[in-house]
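The values are calculated or read from the model by the stated rules, or taken from the named source; none is laboratory data. This is a predicted model, so every value here is computed, not measured. Here the Cβ positions follow ideal geometry from the backbone for every residue, glycine too, while neighbour counts run over all protein chains shown.
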Amino acid sequence: MLNVHLVPHTHDDVGWLKTVDQYYYGDRNNIQHAGVQYILDSVIDQLQKDPARRFIYVETAFFYRWWKQQNQSTQRIVTQLVNEGRLEFINGGWCMSDEATTHYSAVIDQMTLGLRFLNDTFGECGRPRVAWHIDPFGHAREHASIFAQMGYDGFFFGRLDYQDKARRMKTKEMEMLWRASESLTPPLADLFTGVLPNGYNPPEGFCWDQSCDDAPIRDDPDLEDYNVDEIVQKFLNAGFYKANHIIMTMGSDFQYENANLWYKNMDKLIKYVNALQAKGSKVNVLYSTPSCYLQELNLANLTWPLKTDDFFPYADDAHDFWTGYFTSRPALKLYERLSNSRLQTCNQLEVLGGPKSKSGPFGEGDSDTMSKSTSVRAMGVAQHHDAVSGTEKQHVAYDYARRLATGWAHCEVLVRNSLAILSGSEAPHVFCENLNISVCPLTESSHKFSMNVYNPLGRTVSWPVRLPVNGSVYSVTDANGRAVDSQVGNVFISLKCTCYIYDMKSSCLLPLLSVRWYNASAGNNKESPQTSGAYIFRPNSSDPFVINKTAETQIVTVSSTVQEVTQWFSPWVSQVVRLYEGHRELELEWTVGPVPVADGLGKEVITRLDTDIKSSDYFYTDSNGREVLERRKDYRPTWELKQTEPVAGNYYPINSRAYIKDDKHQLTVVTDRSQGASSLYNGSLEIMLHRRLLYDDYRGVGEPLSEPGDFSDGLVARGRLLLTFTPPDTAADVHRPLAQGMVLQPLLSFQDGTPSANTKLEFSGLQTDLPPAVHLLTLSQWDEDTVLIRLEHQYQAKESKTHSQPVTVNLQCQRPLTMGSDTEPNGDPHFLVTSTTAVELTTYRSPPMQIRV
């Protein structure tokens, strides 16, 4: 028999054209008709009418809200449906996350948030067994690796490159085994992966939602337009899969608000197709779920093709590469990354400060118990594939940023309480939110102030700090009263030149970077009407415009702390290049905007680094901040590419770093947010910084990507890149720590005046630094009596001669403590109770480790 598994489902974006709240309540239906609460109401009602019916649900952020509004009777009904397997949770994260622009640490957190709620509410029956990313625009290898390590049995998605899909359909390789790590021993990161035949939509002619126009099944034989035979015959056309089982997604965006329409027609479809078996038909149709379908494939015991790379970049036609969203909304991308750093700090300080951190001198804090924290939920929503990706409407982008700000406001109270407990001083801590534009009222108005630096990494870091002040002479000392090398003020020499900066560590000259822009397609290209937009990057030519070949350059007087060069390319583009004493990396601070569009041209702004490295069309990009993948210009590892967009078709997402290399040298760029990057010329590496466009790209968002600024015509974006120029065999030892330091940045807080005499000026939650290969991924209060710790081996296999080796870590305290107590016997705040068991971390990392106290 050919078994056709009907999978009733809805795809509910956690924000896109409408905000999360508007989607849930069905508000602003003039933008898009969608109301999630009504979908869940209707589905639960229809499932009770026939025990054969099934439904899957994905987005825990919506279900969590709906569940808390239900009475006990409805909750009992839903629990029974879950226990019977008729309502099945798939994926289970707080959202269906983006895969190109998310960092793995934030992905793990949002998955933990959703999965914990399902486990606490429904137990084992609520556990999702299948990962389901039907809408993200390309698929990252690290995501598959995470899913495999989390224990998922399989992974299904809907989008892959149109050329790759055509080849797989022809060779019947739409399902495969994805070996998603070069470092973990198989099968630790192996995951069965399937491409859905219709994306995530129903087959053509079989959409029975109230939003669809397809004909219902008219099964009265007395009717003139009786169509049962016609409908049944359409189910005989699927043939792109190896097994005698086919999956059919029956649903789409925000469907099933009137679930009766769907189920009434699917009931008839199953009835009439299966009735033909009495006449020799070999087709059997049934209600099913992805996990049931996957079980049947497992029982078939077939051999599947192997996949070891990823599914980037994604294109749905010859000139339609979805590579623009790697950079879209750069300010939101940075804010999400900084919010992640602040959340990890908030988590850690809750543990280190103890119970009083939640109700200290500065009020009630927002305890991060994963299922309650405002900040954790805000970050969970931000991982959605139309959130940090930058592919939402403008008012929705504002809402995502507002949620992140509200989340930090809750965490800020907890952080203040913890710092007061750890320091023994209740003097208020001030956080300067606008240091990126050199604004901090306290430091600018006070002649004497103290700065507190909290380092969330499990190792010592050297971190340069730049503050706005109102004087010209300051004495800066550390916690022990020792003088700290510092510099106040800038003295400029202005000139126009092609400049180089001398790298004292590598004894070589590095050229200052050029900033250029691609002319965005307006849809008037003779080959295709496709425009550049929030999703799609399509330049009008392969050669970008150079903004200014002879930029005005201001050279700061070299001091003992820093060499600094400022370049003004135009009124809307500038950059500052810094080399700090004692640091091996070069810091590039770029400022772009407002991007001018009065000339009628949308612009995609890049920075390009040209070197004499013989990279031979190869370059390297990270996957969600974890392992690095090799890229090659105009090439795909598993299929023969017909390149139709020489620029956009060679762009890849980078989340923390990219590099080019030859036998002698490696140039690595570490980023402060997710961006798009490529290497189009030998020895060249380019990174897209900002985009301002004049046209929609016809992928649903319905408006051009032209972000307004607060005080000007267009958004001004600012960011940092860290550049290292090293031998290839030692490069990872430099850029891995830099990348982690960019993700988990020190938290700065300020106090007016000098600390009181009894203030504790230093505190550490560790007795010693963690080994260089070991990263403290998570330190968080799980519940009142339990702390969650995740350690990981952060180096890829063969990445570092020194650090790509197994590491053993001993976790222990000097004395046993009672969790929940306020102090140690000597009166110091308690910090953590840990296991005394030695933990071996295999090369790169072991599956996430939870040490329960």
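Quick one: would you say Q75 is more than 24 Å from Y293 (Cβ to Cβ) and either among the hydroxyl-bearing types (S, T, Y) or within 30 Å of the chain's Cα centre (by Cα) (or both)? Against the criterion (more than 24 Å from Y293 (Cβ to Cβ) and either among the hydroxyl-bearing types (S, T, Y) or within 30 Å of the chain's Cα centre (by Cα) (or both)), Q75 does not qualify. Within the bounds of the range 171-180, is there any residue that is surrounded by fewer than 17 Cβ atoms within 10 Å (Cβ to Cβ) and in contact (Cβ under 8 Å) with a residue 12 or more places away in the chain? Among the residues of the range 171-180, at least one is surrounded by fewer than 17 Cβ atoms within 10 Å (Cβ to Cβ) and in contact (Cβ under 8 Å) with a residue 12 or more places away in the chain, which makes the answer yes. Right, L629: under 23 Å from L723 (Cα atoms), crowded, with 17+ Cβ neighbours inside 10 Å and of a type outside the set (K, R) or not? When the stated conditions are applied, L629 passes them.
Scanning the range 561-583 for residues that are under 13 Å from P464 (Cα atoms) and in a loop (DSSP other than H, G, I, E, B) turns up T561, E581, G582, H583. Those strands (runs of 3 or more DSSP E) of the range 663-727 in which at least 2 residues are crowded, with 20+ Cβ neighbours inside 10 Å, of a type in the set (S, T, N, Q) and touching a strand residue (DSSP E or B) at 6+ places or on another chain (Cβ under 9 Å), considering only elements entirely within it, cover 666-671, 675-678, 717-726. Please tell me if S494 is more than 29 Å from L748 (Cβ to Cβ) and modelled with pLDDT of 80 or more. No; evaluated as a whole, the condition is false for this residue.
Against the conditions (1) under 30 Å from H384 (Cα atoms); (2) within 25 Å of the chain's Cα centre (by Cα); (3) charged (D, E, K, R), R416 satisfies every one except (2).
Only a single item in (1) in a loop (DSSP other than H, G, I, E, B); (2) over 19 Å from the mean Cα position of the chain (by Cα); (3) closer than 30 Å to L744 by Cβ is not met by Y325, and it is number (2). Considering every residue within the range 15-27, establish whether at least one is more than 19 Å from P136 (Cα to Cα) and among the charged types (D, E, K, R). Looking for residues that are more than 19 Å from P136 (Cα to Cα) and among the charged types (D, E, K, R), one finds at least one in the range 15-27, hence yes.
Residue-by-condition table, conditions (1) closer than 28 Å to L705 by Cα; (2) assigned by TED's automatic domain parsing to the domain that holds L685; (3) surrounded by fewer than 15 Cβ atoms within 10 Å (Cβ to Cβ):
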| residue | (1), (2), (3) |
| --- | --- |
| R538 | yes, yes, no |
| S560 | no, yes, yes |
| S570 | yes, yes, yes |
| V595 | yes, yes, no |
| D612 | no, yes, yes |
| K633 | yes, yes, no |
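Among residues of the range 114-153 being part of a loop (DSSP other than H, G, I, E, B) and of a type in the set (G, A, S), the one that is surrounded by the most Cβ atoms within 10 Å (Cβ to Cβ) is A140. Exactly one residue among V628, V577, V562, V605 is within 22 Å of R692 (Cα to Cα) and of a type in the set (A, V, I, L, M, F, W, C), and that residue is V605. Whenever a residue of the range 101-115 is within 24 Å of G676 (Cα to Cα) and modelled with pLDDT under 95, it has no partner that is not in a helix (DSSP H, G or I) and not aromatic (F, W, Y) lying with C-beta atoms less than 8 angstrom away and at least six residues away or across chains.
Considering S804, S756, the condition of being surrounded by fewer than 16 Cβ atoms within 10 Å (Cβ to Cβ) and assigned to a loop (DSSP other than H, G, I, E, B) is satisfied by S756 alone.
Only one of the listed residues (A717, A797, A739) is at pLDDT 95 or above and under 21 Å from S181 (Cβ atoms). That residue is A739.
For V36, the requirement of being in contact (Cβ under 8 Å) with a residue 60 or more places away in the chain, of a type outside the set (F, W, Y) and in contact with a His (Cβ under 7 Å, 6 or more places away or on another chain) is not met. Residues of the range 154-164 that are part of a helix (DSSP H, G or I) and out of contact with any Leu (no Cβ under 7 Å at 6 or more places or on another chain): Y162, D164.
The rows are residues; the columns are (1) of a type in the set (V, I, T); (2) outside the structural domain of L791 (by TED's automatic domain parsing); (3) without any contact (Cβ under 8 Å) to a residue 40 or more places away in the chain.
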position	(1), (2), (3)
L414	no, yes, no
C432	no, yes, no
I437	yes, yes, no
S445	no, yes, yes
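Being of a type in the set (A, V, I, L, M) and modelled with pLDDT under 95 is the requirement here; does I501 meet it? In short, yes.
For the range 318-340, the set of residues classified as under 13 Å from N650 (Cα atoms) and buried (at least 21 other Cβ atoms within 10 Å of the Cβ) consists of D320, F321, W322, T323, G324, F326, listed by residue number.
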